[in-house]
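K.L.:
If you scroll down you'll find the structure; I have some questions about it.
The values are calculated or read from the model by the stated rules, or taken from the named source; none is laboratory data. Worth saying up front: this structure is predicted, and the values here are computed from it rather than measured. Here the Cβ is made from the backbone with ideal geometry for all residues, glycine too, and neighbour counts use every protein chain on show. Surface accessibility is based on the protein's heavy atoms, side chains included, excluding ligands, DNA and RNA. Shrake-Rupley method; radii C 1.70, N 1.55, O 1.52, S 1.80 Å.
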Amino acid sequence: MAVVKMNKITILGLKKERSSLLETLMKFGVVEIKEEKPDESLKEGIYNPEVNDDIAEIDSHIADFERAIGILDSYVPKKLPAFSKRKVISESDYLKIIKCREEILDYVKKINSLDDENTKIKSEENRLRNLALSLDPWIDIDIPLNVSETHFTYCWTGTIPASYDYVSFLSSLYQQCPETVVLKGKSSKEHHYIAVIAHKSIGEEVLAFLRNWGFNRISFKEINGTAREGKELIGKDLTELASRRQKNTEAIRELAARRDEIEIVSDGYRMERSRIEAKGKLLSTRSVFMLKGWLPAEYSDKVCKYINEHYFCAVSIEEPAEDEEFPVLLKNGPIVESISPVITMYGMPSSREIDPSAVTMPFYILFFGLMLGDGGYGLIIALASAFVLWKFKPEGSSRLFFKLLFFCGLSTIFAGLLFGSWFGIASLTKTALLIVPTEQPELMMSYSILLGIIHMYAGMFLKALNLIRRRQYVDAICDVFFVCIMLTGFALSLLPYAPGINVTGSSNIVKTGNYVFLAGVVLVLLTQGRNSKNIFGKIFGGLPRLYDIVSFLSDCLSYIRILALGLASAIIGDIVNTLAGSFGGFFIIRIVTMTLVLVAGHVINFSLNVLGSYVHSCRLTYLEFFGKFLEGGGEAFRPFKAETKYIIVDNEFNNLLTAGTKSRIA
């Protein structure tokens, strides 16, 4: 339950062994490689290898593989669990498939090519269907639509507005241009579709007439023959295109049998990209290279021994200087580790601070449970999260999040026992082991503030421990212990004003609190200016710290949200139950209506209050708790390891590192 101790590692090796060594370090997965830049004062010949072109090429391959996998998913959907889990394969199986990488790459290119062809086919099919639709109005005109003239005549196809009377149009045309024939197609709300055949001797006269009637000429360059013949040819083309598309689809589905190999090679490229990226961080010359980084102290000897035995290089392991910052890796037990998502969302602690996980965990789940407050809802959360962990076995941060939800569910069940709150059923409040918040809200408010005071004192205690670790013993006493004395006295002095608590101002505990408060104020005033260089600062430097009293009171009131959210959950649940039971009428209808109201009401109440409990528990943790001690600013430990999407390669290094140690880096 601490920040893992780190050591610095420096490797000076032969350039010809660089790739192999990087592959070994990736398999170890416990070394973070620092990027080193050549010193300008050094002679030429020391450089960082240029890797941008190689990375761009690898990225192109990865994009091709991802596209091919996406195509396979669309043609041959693969049923995946709700939380996809990477498949574990042996190193021998992995290497066997990687040897066929070029062959798998050809499969990927073929899949992408077939999909590109299918896309073009679909586009052509859409174009032909639209062309076929455009021929429908001309289906009754029995002349070749692509013929615009003969030896003696012109032939124009087009439309005139439907607002014109077609009979009047024909009568006028035949009167002015007798040597003309009009063939009529179909009519729509907007147009009359016509074909006009005119003798060439009166072509200009006919065109002028047609323009006066709003004639819009339409050409059919792609059609050979009549509209009916054109549709028949289009139908044949569509059949042929559909056949080609089906063959391509079948070919893609056949290649889906190689999906696992494609996924493995895709991850192989990802690992290669990481190695190339790591190579760019090293300092190199014509013959040698130098690598610098960090690794957990518990693995230092094993990594150093293996490298010395298998490579011709020099390895140096050093402990960081006393004031030197190093990458932060938090290592906790199976219960406490579940709080990691909450801490990392805020930011990593400094490498010189105490890991707050063990103290944060119990307070967080307690506050969550008290805010949600309903044991029935907690039972749902615990069972659902336990089922997800058991059935789907999520990895990484998802696993930690569901573990945290599980413990929050247990905490909510505990709160339900204390409050007698189970799905908002009012008759069960008599089973409360401690208090019914809806009946004694004032007392619950005082309990909430008391929990807040304990929470903040825990934060100040951690601050004192951090100061003691740095050998700042005087600061721990003056800045934490004396302030705690002042705030404790202040809290005791306010007991008569605490709601739901019968303590008089003349009671011994309040009188003691007054004396403790005065003593604390004096101690703070005398010690907070100790670092000032002038006498005025030493005397009056403690005055600003008295503002801590106001901040303390404000923080205490912030914990009233525990009461507020708990009341909201209980009251809304009770309202839903009352509303559901208020319906009358026929028995079946009453049961159905009651069920719908209960399900909808409790789902809404559950969703809103679970979200509210999560957010406000984080808020109390980040502001009221972390604000008391956590400096933060630490950089997370990012080891050089295989960042894969589909597989985990099981190799000998996993057993080599875990032998004789308690944990393994996730």
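Residue by residue, here is whether (1) touching a Cys at 6+ places or on another chain (Cβ under 6 Å); (2) among the acidic types (D, E); (3) in contact (Cβ under 8 Å) with a residue 12 or more places away in the chain holds:
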{"site": "S532", "(1), (2), (3)": "no, no, no"}
{"site": "D548", "(1), (2), (3)": "no, yes, yes"}
{"site": "Y559", "(1), (2), (3)": "no, no, yes"}
{"site": "V592", "(1), (2), (3)": "no, no, no"}
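K.L.:
For the stretch 156-169, indicate whether the set of residues that are open to solvent by less than 20 Å² (accessible area, probe 1.4 Å) and of a type in the set (S, T, N, Q) is non-empty. Give the derivation first.
P.N.:
Step one: filter the stretch 156-169 for residues open to solvent by less than 20 Å² (accessible area, probe 1.4 Å), giving 156-160, 169.
Within this subset, residues satisfying the condition of being of a type in the set (S, T, N, Q) are 157, 159.
Looking through the stretch 156-169, at least one residue is open to solvent by less than 20 Å² (accessible area, probe 1.4 Å) and of a type in the set (S, T, N, Q).
K.L.:
Right, next: Can you confirm whether the stretch 314-332 contains a residue that is farther than 19 Å from G634 by Cβ, open to solvent by 30 Å² or more (accessible area, probe 1.4 Å) and free of Cβ contacts under 8 Å to residues at least 60 places away in the same chain?
P.N.:
no
K.L.:
If only one of S60, S92, S20 is farther than 30 Å from W390 by Cα and more than 32 Å from the chain's Cα centre (by Cα), which one is it? Step through it out loud before you land on a result.
P.N.:
Numbers: S60 fails: more than 32 Å from the chain's Cα centre (by Cα); S92 fails: farther than 30 Å from W390 by Cα.
Unique residue meeting the criteria: S20.
K.L.:
Could you tell me whether any residue of the stretch 219-241 is within 48 Å of the chain's Cα centre (by Cα) and among the basic types (K, R)?
P.N.:
no
K.L.:
Let me confirm something: among F481, F517, which residue is outside any loop (DSSP other than H, G, I, E, B) and buried (at least 19 other Cβ atoms within 10 Å of the Cβ)?
P.N.:
Among F481, F517, only F517 is outside any loop (DSSP other than H, G, I, E, B) and buried (at least 19 other Cβ atoms within 10 Å of the Cβ).
K.L.:
Here's a follow-up. Residues in the stretch 548-571: is at least one in a loop (DSSP other than H, G, I, E, B) and either basic (K, R) or within 41 Å of the chain's Cα centre (by Cα) (or both)?
P.N.:
Within the stretch 548-571, one or more residues are in a loop (DSSP other than H, G, I, E, B) and either basic (K, R) or within 41 Å of the chain's Cα centre (by Cα) (or both).
K.L.:
Further question: Being modelled with pLDDT of 90 or more and either crowded, with 17+ Cβ neighbours inside 10 Å or in a helix (DSSP H, G or I) (or both): is that true of L523 here?
P.N.:
Against the criterion (modelled with pLDDT of 90 or more and either crowded, with 17+ Cβ neighbours inside 10 Å or in a helix (DSSP H, G or I) (or both)), L523 qualifies.
K.L.:
Also, quick follow-up: Take the residues in the stretch 108-146 that are within 23 Å of S187 (Cβ to Cβ) and among the aliphatic types (A, V, I, L, M); name whichever of them is surrounded by the most Cβ atoms within 10 Å (Cβ to Cβ).
P.N.:
Looking at the filtered set, the residue picked out is L145.
K.L.:
While we're on this one: How many residues are in contact with a helix residue (DSSP H, G or I) (Cβ under 8 Å, 6 or more places away or on another chain), in contact (Cβ under 8 Å) with a residue 40 or more places away in the chain and among the aliphatic types (A, V, I, L, M) when one looks only at the stretch 416-459?
P.N.:
Final tally of qualifying residues: 10.
K.L.:
Starting from residues that are of a type in the set (D, E, K, R) and within 37 Å of the chain's Cα centre (by Cα), keep the ones in the stretch 23-47 and report whichever is surrounded by the fewest Cβ atoms within 10 Å (Cβ to Cβ).
P.N.:
K37
K.L.:
Spot the failing condition for R638; the list is (1) farther than 30 Å from S558 by Cβ; (2) under 22 Å from the mean Cα position of the chain (by Cα); (3) open to solvent by less than 60 Å² (accessible area, probe 1.4 Å); (4) not acidic (D, E), and only one is missed.
P.N.:
(3)
Table: residues versus (1) open to solvent by 70 Å² or more (accessible area, probe 1.4 Å); (2) touching a Pro at 6+ places or on another chain (Cβ under 7 Å); (3) not small (G, A, S).
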position: F423; (1), (2), (3): yes, no, yes
position: S448; (1), (2), (3): no, no, no
position: M456; (1), (2), (3): no, no, yes
position: M486; (1), (2), (3): no, no, yes
position: Y497; (1), (2), (3): yes, no, yes
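K.L.:
Being at pLDDT below 95, farther than 26 Å from R399 by Cβ and touching a helix residue (DSSP H, G or I) at 6+ places or on another chain (Cβ under 9 Å) narrows it down to one residue among S74, S92; which is it? If you could, list the steps in order and put the result at the bottom.
P.N.:
Numbers: S92 fails: touching a helix residue (DSSP H, G or I) at 6+ places or on another chain (Cβ under 9 Å).
Step by step, each of S74, S92 is checked, and only S74 is at pLDDT below 95, farther than 26 Å from R399 by Cβ and touching a helix residue (DSSP H, G or I) at 6+ places or on another chain (Cβ under 9 Å).
This table checks each residue for (1) closer than 24 Å to E272 by Cα; (2) not basic (K, R).
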{"residue": "V4", "(1), (2)": "no, yes"}
{"residue": "K8", "(1), (2)": "no, no"}
{"residue": "L12", "(1), (2)": "yes, yes"}
{"residue": "R18", "(1), (2)": "yes, no"}
{"residue": "V30", "(1), (2)": "yes, yes"}
{"residue": "I33", "(1), (2)": "yes, yes"}
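K.L.:
If only one of S617, S607 is within 30 Å of S554 (Cα to Cα), surrounded by fewer than 18 Cβ atoms within 10 Å (Cβ to Cβ) and of a type in the set (S, T, Y), which one is it?
P.N.:
From the options S617, S607, the qualifying one is S607.
K.L.:
State all residues of the stretch 5-21 that are open to solvent by less than 10 Å² (accessible area, probe 1.4 Å) and either assigned to a helix (DSSP H, G or I) or among the aliphatic types (A, V, I, L, M) (or both); if no residue qualifies, say none.
P.N.:
Across the stretch 5-21, the qualifying residues are M6, I9, I11, L21.
K.L.:
Among the listed residues G373, G378, identify the single one that is modelled with pLDDT under 95, open to solvent by less than 50 Å² (accessible area, probe 1.4 Å) and either of a type in the set (S, T, N, Q) or touching a Ser or Thr at 6+ places or on another chain (Cβ under 9 Å) (or both).
P.N.:
When all the criteria are applied, what remains is G373.
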